[in-house]
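Undergrad: Got a structure for you, written out below as structure tokens; questions coming shortly.
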Amino acid sequence: MDPKELPPNVRDDKISEETKKLISSLPSHTDSQGQKLCKYQGCWHYLAQGPHCRSSSNDHPLLYDNPHGIVPFLEIDVYHESSSPNLDNFSATPRLFSTHMPLHAMQETLKQSPCKIVYVCRNLKDTLVSTWLFACAIFKIEPTRSILDSMFKSLCNGTIFYGPFWDHLLSYWRGSFEDPKHVLFMRYEEMKAEPHEQIKRLADFLGCPFTKQEEESGVVDKILDLCSLRNLSSLEVNKTGKVNNVDHKNFFRKGEVGDSKNYLTTEMENKIDMIIQEKLQSYGLNF
């Protein structure tokens, strides 16, 4: 890649010449939205991220802020400006952070760490369609068939954000077996089908299980209602406002399982099934 093609934040004087030279030497790819990706240590990364926007209140956070505003992204909010950020600027302990990075990209840093990791996996076909519609919404462009076809091809050949997807999934899948005390692998479809069981599973993993009294008094139901797509999407804060330059409303769509069948062709579905069988099934991971 020509150094002149690096985005402004990468060309910034705060970044060392050595780092700029490294980035310029990496394999590059342009995604369906015209965004640059670079391949580093077998994983595709975006070169630039947007600014962060925060708010605060004494009420329950979900009632006044979007979930993505409450739980900051490691790569966007925490380490974007500094390689040694002051974590006290984000929240009190225990802190919650989110990330799109595969586990193997963080594993060395997390060694000997008490940090617990929860990975949420979704059917690849639904993920593809959701990503397509979300990307078009935030870039304010028509969700055309040609864009979906382009994203489908990138998904299948692995040149997607933090892809290939099979390596991404397997890093956390293996981690959940190798270190079950620190890595929990959850499926979106199971969370939808059996929300009570899955939220209790999550609470147990985090070391804060529900008491019998809490369950009998309806605490689990109240949490599920508060965090439901129906409730969150109806809140005024999620109908207006932005986080990282993305409209809050764009984070909420249908949330349905199997909605991809309304958009993908049979050939596209078969291709994804074939890749899953080839790359994941031997590890016991399938959809």
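The values are calculated or read from the model by the stated rules, or taken from the named source; none is laboratory data. Note that the structure is predicted; figures quoted are calculated from it, not measured. Ideal geometry is used to build each Cβ from the backbone, glycine not excepted, and the neighbour counts take in all protein chains shown. Calculation scope for accessible area: heavy atoms of the full protein, side chains included, ligands and nucleic acids excluded. Shrake-Rupley method; radii C 1.70, N 1.55, O 1.52, S 1.80 Å.
Undergrad: Could you tell me whether D59 is within 24 Å of G207 (Cβ to Cβ), modelled with pLDDT under 80, acidic (D, E) and open to solvent by 80 Å² or more (accessible area, probe 1.4 Å)?
TA: In short, no.
Undergrad: Working carefully through the options Q35, Q41, find the one that is under 22 Å from L133 (Cβ atoms), open to solvent by 60 Å² or more (accessible area, probe 1.4 Å) and either of a type in the set (K, R) or at pLDDT below 80 (or both). Give the derivation first.
TA: Working: Q41 fails: under 22 Å from L133 (Cβ atoms).
After applying the criteria, what remains is Q35.
Undergrad: From the residues in the range 234-274 that are surrounded by 15 or more Cβ atoms within 10 Å (Cβ to Cβ) and of a type in the set (S, T, N, Q), which one is modelled with the lowest pLDDT?
TA: Among residues in the range 234-274 that are surrounded by 15 or more Cβ atoms within 10 Å (Cβ to Cβ) and of a type in the set (S, T, N, Q), the one modelled with the lowest pLDDT is N244.
Undergrad: So which pairs qualify, if the first residue must be in the range 78-89 and assigned to a helix (DSSP H, G or I), the second must be surrounded by 11 or more Cβ atoms within 10 Å (Cβ to Cβ), the Cβ gap must be under 6 Å, and the two must be at least 6 apart or on different chains?
TA: V78/P72; V78/P85
Undergrad: Can you confirm whether F139 is under 23 Å from N262 (Cα atoms) and of a type outside the set (A, V, I, L, M)?
TA: yes
Undergrad: Working only within the range 275-286, note down all residues that are hydrophobic (A, V, I, L, M, F, W, C) and either open to solvent by 90 Å² or more (accessible area, probe 1.4 Å) or over 24 Å from S146 (Cβ atoms) (or both).
TA: Residues satisfying the conditions are I276, L280, L285.
Undergrad: While we're here: Grab the helices (runs of 4 or more DSSP H) fully contained in the range 169-287, keeping just those with 3 or more residues being within 22 Å of the chain's Cα centre (by Cα).
TA: So the answer is 188-193, 195-205, 219-226, 229-234, 266-279.
Undergrad: Let me ask something else about it. Residue by residue through the range 85-99, note down the ones that are open to solvent by 90 Å² or more (accessible area, probe 1.4 Å) and at pLDDT 85 or above.
TA: Within the range 85-99, L96 is the sole residue that qualifies.
Undergrad: Any chance you could count how many residues in the range 101-133 are among the polar types (S, T, N, Q), surrounded by 13 or more Cβ atoms within 10 Å (Cβ to Cβ) and in a loop (DSSP other than H, G, I, E, B)?
TA: Residues flagged as among the polar types (S, T, N, Q), surrounded by 13 or more Cβ atoms within 10 Å (Cβ to Cβ) and in a loop (DSSP other than H, G, I, E, B) within the range 101-133 amount to 1.
Undergrad: Right, something else. Looking at L226, is it in contact (Cβ under 8 Å) with a residue 12 or more places away in the chain and open to solvent by 30 Å² or more (accessible area, probe 1.4 Å)?
TA: yes
Undergrad: When the range 134-168 is examined, which residues are found to be assigned to a helix (DSSP H, G or I), open to solvent by 40 Å² or more (accessible area, probe 1.4 Å) and within 24 Å of P27 (Cα to Cα)?
TA: Within the range 134-168, D149, S150, K153, N157, D167 qualify.
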